[in-house]
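Read the structure below first, then the notes.
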Amino acid sequence: MKKILLIVSGGIAAYRSLDLIREIKRRGDDVTCVLTKSATQFVQPLSFGALSQNKVYTDLFDLESETNIGHIKLSRDADLVVLAPATANILAKMSYGISDSLATSVLLANNKPLLIAPSMNVKMWNNPSTKENIKTLKKYGHIFVGPDNGEMACGETGAGKMSKVEDIYKEIELLLSPGPLTGRTALVTSGPTIEPIDPVRFISNQSSGKQGHAIAERLSKLGADTHLISGPVNIPHPDNVRVTEVRTAEEMLNACQESMPVDISIFAAAVSDWRALKVSENKLKKSDSLRNQINLPLIQNTDILKTISETNINRPKLVVGFTLETQNLIKSARGKLTNKSCDWIIANSQTQDNKSVFNNEMNEVSFLSSSTEEGWGLLTKKIVAEKLCHKIIKFFNVAA
Ligand SMILES: Cc1cc2nc3c(=O)[nH]c(=O)nc-3n(C[C@H](O)[C@H](O)[C@H](O)COP(=O)(O)O)c2cc1C
């Protein structure tokens, strides 16, 4: 039997959460409810208590529950937290870390996966503030279901209706069924880094982040608690992964070190090998040139893959590097496997199918470990991610 903590905020769809409770109970799981003050204007706590057969919580300063620090304990006792319906108001508070009620305090102190079912008027949903808040909450790794399109209680039509109870329950089931990597933690780097030269110019590369993002998405779907550290990319971050956005190689290294310890680490980002020795405070001018040339000394960045791979304390159980070469691909990749002390290397050449690997959906890679070398051929980046994750599952089964 799984335990679900259902938080109900004050939207017109609050009454539909009663059906969700019935569905959860019908499947044999346990549900405890927290209602915001506004929610109690729409529905009676008594109905939630009767259907859930558990005490219903509404007040942060409820003496009985606060002797056990109730706002912390409620999520500790649960396997999953569900916020349905989620009002524009509670989403805004969450994105700013406000904890001015029992519901928002539980959400801020939550240490379990959180499923959010938004429900609001179409204009509220499309408001740039709400959009920004949703983006922030997705970045924190929360999972969204809906909203649906349709006619609303207010008479307007569009996106904002709370998802159907059966769709919310399907997501709950998915989140509660353990994937093969459940209980494992993973770190994935993705995208390029950018190294400033002056306030307006930088050194970078054309990495799109598609490969790293596909790996992070797959790991998370397999149950791994996944942290994506992403350089500047133009693709959406996957749902259900925690994201740290960085710009420079140094910021990426710091974020990786802060993310330790993890079980699985995959370094798919195209990290700049060099940065400007001195970043000019002002925009460099043509007049700074000498005989039409400008002297721009570069200094090598710390090698993130090597640094993490050679950490003595808390080294990840599995360290995987990506390498891109324009010549001697396999020889060079094997050299990196040894020199950087990593467990596996995925090697790809700069062009695939006569197109640049960057921003391409396809990737032609070779997989190298100390004992194997496999050419995987030309595959979509999503399939490369699947094949890699399949190897990771096998690695942990063998090592377990
Ligand atoms: C009749 C009525 C219906 C409402 N429906 C919604 C709704 O569906 N979604 C929403 O975001 N806010 C809705 N609101 C506004 C919220 O109730 C209001 O923002 C409230 O402060 C939310 O509090 P809470 O987020 O703490 O539950 C409605 C208000 C009224 C009076």
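Read-outs throughout are calculated quantities, based only on the coordinates presented, and are distinct from any laboratory measurement. If you're wondering where the values come from, they're calculated on a predicted model, not measured in any experiment. FYI the Cβ positions are ideal-geometry reconstructions off the backbone, even for glycines, and counts take in every protein chain you see.
Here are some notes:
- Compared with the dominant principal axis of the Cα atoms in the chain, helix 165-176 is inclined by about 50°.
- Once C-alpha pairs closer than 8 Å and six or more residues apart are averaged by separation and normalised to the residue number of the stretch 185-399, the relative contact order reads 20 percent.
- For the stretch 97-165, averaging the sequence separation of C-alpha pairs within contact (under 8 Å, six or more residues apart) and dividing by the residue count gives a relative contact order of 33 percent.
- Order of E386, E281, E217, E156 under a 10 Å beta carbon neighbour criterion, fewest first: E281, E156, E386, E217
- A simple spin-label model places pseudo-atoms 7 Å from Cα toward Cβ; at I294 and K131 they are separated by 3.5 nm.
- Per-residue HN-Hα couplings for the stretch 270-277 [Karplus 6.51, -1.76, 1.60; θ = phi - 60°; Hz; x = Gly/Pro]: 8, 7, 5, 6, 10, 9, 5, 4
- Other-chain or far-sequence residues with amide H under 5 Å of N205's (modelled H): T193
- Cross-link table K331/K381; K93/K139; K210/K306; K170/K317; K210/K331; K55/K139, entries beyond 27 Å C-alpha to C-alpha: K170/K317; K55/K139
- For the stretch 374-383, backbone phi angles converted through the Karplus equation (6.51, -1.76, 1.60; θ = phi - 60°) give residue-by-residue couplings of 10, x, 8, x, 7, 10, 6, 4, 5, 6 Hz, Gly and Pro being listed as x.
- Degrees, to the nearest 10: 210-221 long Cα axis against longest axis of the chain: 40 degrees
- Spin-label pair S47-I330: with each label point 7 Å from Cα along the Cα-Cβ axis, the two points sit 6.8 nm from one another.
- Residues of the stretch 180-206 with amide N under 20 Å of a point placed 7 Å along Cα→Cβ from I393: 180-188
- Of interest is the spacing of the C-alpha centroids, which for the stretch 237-263 and the stretch 137-173 amounts to 29 Å.
- Fraction in percent of alpha-carbon pairs per bin - 10 Å, the chain: 5, 20, 26, 21, 17, 9, 3, 0, 0
- Proximal aspartates and glutamates to K135, defined as alpha-carbon separation beneath 15 angstrom and excluding residues fewer than eight positions away on the same chain: D239, E245
- Greater than 25 Å apart at Cα, pairs in K221/K394; K138/K164; K25/K131; K340/K387: K25/K131
- Each residue of the stretch 82-97 was assigned a 3J(HN,Hα) from its phi angle through the Karplus curve 6.51 cos²θ - 1.76 cosθ + 1.60 (θ = phi - 60°); the sequence is 10, 10, 8, x, 9, 7, 4, 5, 5, 5, 5, 4, 4, 5, 9, x Hz, with glycine and proline shown as x.
- Distant-in-sequence amide contacts of V246, defined by a placed amide H-H separation under 5 Å and a gap of 5 or more residues or a different chain, comprise S230, G231.
- Taking all pairs of distinct alpha-carbon atoms in the stretch 184-243, Kirkwood radius in angstrom: 12.1 Å
- Placing R0 at 35 angstrom, the Cβ-Cβ distance between K278 and E258 gives a FRET efficiency of 0.85 after rounding to 0.05.
- In degrees, nearest ten, helix 128-139 long axis to first principal axis of the chain (Cα): 70 degrees
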